[in-house]
Amino acid sequence: MTDSGLVLNNCSQVLTMAGDGLGIVEQGAVRIRDGRIAEVADHALTVAGETEIDCCGNVVIPGFIDPHTHLVFGGWRQNEFEMRLAGRTYREIAEAGGGILSTVIHTRLATADELYNRALERLHEMVNWGTTTVEVKSGYGLDTVTELRMLRVARRLGELKLCRVVPTFLGAHSVPKRTAKADYIERLENEMIPAVAAAGLARFCDVFCEEFVFNAAESTRILEAGKRHSLVPTIHADEIEASGGAEVAARVGAASASHLLQPSDAGLEAMAQAGVVAVLLPGTCFFLGAAHKSPVAKMRELGILMALATDFNPGSCPMLAQPLTAQFGSIYYGMTIIEALRGVTVNAARALKLDSEVGTLEPGKAADIVVTDVPDYRHIAYRLGHNPAWVTIYGGRVVHRQY
Ligand SMILES: [Zn+2]
């Protein structure tokens, strides 16, 4: 690809995501220059030295944004999956050495290069599915050295320029073995968060807020410590039980709150007031056969912005495909197709505070674009299991093309 730019012609629909809907430009075209969108037109564009892509009458959409993943880790957990299918409970699996802490053991043992190489394979798969921005959390180290290693791996992945990588510090994912929780919180506050911030390795600080992990008061304390070091708060909230996570998100001014299977009404109202984006993870809910689903109708009624993420991780959702998340959002959570498509683009950008840069196809925005192989936007949600990403463009460069 040359620096002279790209022209995408012969698009059946350009989904700009401008405004409140899909911002559809029928029979549209897109001009890309210097890695940015220069023009979106409702007619074919003349080519002036650019490389032209004939979109063959298919839909063009902003690159998918995945605002919640655990991409970097050592070791898969297929054994646990089999145990769960055989009817073992979470507690039984944990007692047999499973759960987050088993991934912590494998992650601590892995070298930076091992973590990087495994994560890179997964990142390629994401890009093949059209993802152009991915948030990546630490949280399988639970000690300073391994958490920093994970975040450096995330930084290296971003430097490849395959996909934008947004790093999040999730030292508060669990309490390490043989450590008192109070001691660990103190270490998070006084050692780990300052070290991560000083190295400039994270944009966000996250916490796994549940009664049995970090309760609302503890989560608030950790997120406030992150804020003192300029890390933007985000939170795993109200997944297993109502734990006041949505309320914490509103109180600390979190950019987003994830999961939200059982938020309280008061918590949702507070989130709406504070403008916290709900990051919904229907793939996880489906994969685990969870008893509760996120209350999408209630969120819609309150005007809470809904984003969608894969939650890719080795335990509760080994799915890398953001288009499948949109499909689960519609089919399993009851979102409209418009909500689902905004959930994986513009609203996901808002969850990551990147909406001035990505998430819509408007002049000046980064040219992160998926040329699909479908003629109508509804196919993206409707064709269950289909990968619509024919060409993935990141920063104006083709980073993947299906033949
Ligand atoms: Zn998560």
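The values are calculated or read from the model by the stated rules, or taken from the named source; none is laboratory data. Because the structure is a prediction, the values reported are computed rather than measured. When we count neighbours, we look across all protein chains shown, and the Cβ atoms used for this are built from the backbone with ideal geometry, even at glycine. Ligands, DNA and RNA are stripped out before the accessible areas are found, and what is left, the full protein with its side chains, is counted by its heavy atoms. Shrake-Rupley method; radii C 1.70, N 1.55, O 1.52, S 1.80 Å.
Annotations
- The stretch 129-151, residues that are crowded, with 18+ Cβ neighbours inside 10 Å, away from the ligand (no atom under 16 Å from the Cβ) and not aliphatic (A, V, I, L, M): Trp129, Gly130, Thr131, Thr132, Thr133, Thr146, Arg149
- Subset of the stretch 86-101 (residues that are more than 16 Å from the ligand (Cβ to nearest atom) and either crowded, with 16+ Cβ neighbours inside 10 Å or part of a loop (DSSP other than H, G, I, E, B) (or both)): Ala86, Gly87, Arg88, Thr89, Ile93, Ala96, Gly97, Gly98
- Filtering the stretch 244-254 to residues that are assigned to a loop (DSSP other than H, G, I, E, B) and either at pLDDT below 95 or open to solvent by 10 Å² or more (accessible area, probe 1.4 Å) (or both) leaves Gly244, Gly253.
- Within the stretch 349-371, the set of residues being open to solvent by less than 20 Å² (accessible area, probe 1.4 Å) and under 16 Å from the mean Cα position of the chain (by Cα) comprises Ala349, Ala351, Leu352, Val358, Gly359, Asp368.
- Candidates are the residues of the stretch 204-241 that are in a loop (DSSP other than H, G, I, E, B) and either of a type in the set (S, T, N, Q) or free of Cβ contacts under 8 Å to residues at least 24 places away in the same chain (or both); the one that is least open to solvent (accessible area, probe 1.4 Å) is Asn215.
- In the stretch 54-74, the residues that are of a type in the set (S, T, N, Q) form Cβ pairs under 7 Å with partners that are within 16 Å of the ligand (Cβ to nearest atom), at six or more places apart or across chains, as follows: Thr69/Val134; Thr69/Glu135; Thr69/Val136; Thr69/Lys137; Thr69/Ala309; Thr69/Thr310; Thr69/Asp311; Thr69/Phe312.
- In the stretch 372-386, residue least open to solvent (accessible area, probe 1.4 Å) [restricted to those that are of a type outside the set (A, V, I, L, M) and within 9 Å of Ile337 (Cα to Cα)]: Tyr377
- From Ala257, Ala242, Ala195, Ala202, residue being more than 27 Å from Gly158 (Cβ to Cβ) and not acidic (Asp, Glu): Ala242
Results for (1) farther than 22 Å from Ala326 by Cα; (2) more than 14 Å from the ligand (Cβ to nearest atom), shown as yes or no for each residue.
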{"residue": "Ile222", "(1), (2)": "yes, yes"}
{"residue": "Ser230", "(1), (2)": "yes, yes"}
{"residue": "Ile235", "(1), (2)": "no, no"}
{"residue": "Asp238", "(1), (2)": "no, no"}
{"residue": "Glu241", "(1), (2)": "yes, yes"}
{"residue": "Gly253", "(1), (2)": "yes, yes"}
{"residue": "Ala266", "(1), (2)": "yes, yes"}
{"residue": "Val279", "(1), (2)": "no, no"}
{"residue": "Arg300", "(1), (2)": "no, yes"}
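- Candidates in the stretch 180-194 are the residues that are open to solvent by 30 Å² or more (accessible area, probe 1.4 Å) and within 16 Å of Thr146 (Cα to Cα); of these, the one that is nearest to the ligand (Cβ to nearest atom) is Arg187.
- Residues of the stretch 288-307 classified as open to solvent by 40 Å² or more (accessible area, probe 1.4 Å) and under 18 Å from the mean Cα position of the chain (by Cα), total: 1
- Every residue from the stretch 60-73 that is in contact with an Asp or Glu (Cβ under 7 Å, 6 or more places away or on another chain) and more than 16 Å from the ligand (Cβ to nearest atom): Pro62, Gly63
- Being open to solvent by 20 Å² or more (accessible area, probe 1.4 Å), assigned to a loop (DSSP other than H, G, I, E, B) and touching a strand residue (DSSP E or B) at 6+ places or on another chain (Cβ under 9 Å) holds for only one residue in Leu201, Leu162, and it is Leu162.
- Here the stretch 40-85 is the region considered, the condition is being open to solvent by 80 Å² or more (accessible area, probe 1.4 Å) and assigned to a loop (DSSP other than H, G, I, E, B), and the residue that is farthest from Phe204 (Cα to Cα) is Thr46.
- Condition check for Met126: hydrophobic (A, V, I, L, M, F, W, C), within 16 Å of the ligand (Cβ to nearest atom) and open to solvent by less than 20 Å² (accessible area, probe 1.4 Å): yes
- Test: residue in the stretch 308-317 that is at negative phi, within 16 Å of the chain's Cα centre (by Cα), surrounded by fewer than 22 Cβ atoms within 10 Å (Cβ to Cβ) and free of Cβ contacts under 8 Å to residues at least 24 places away in the same chain: no
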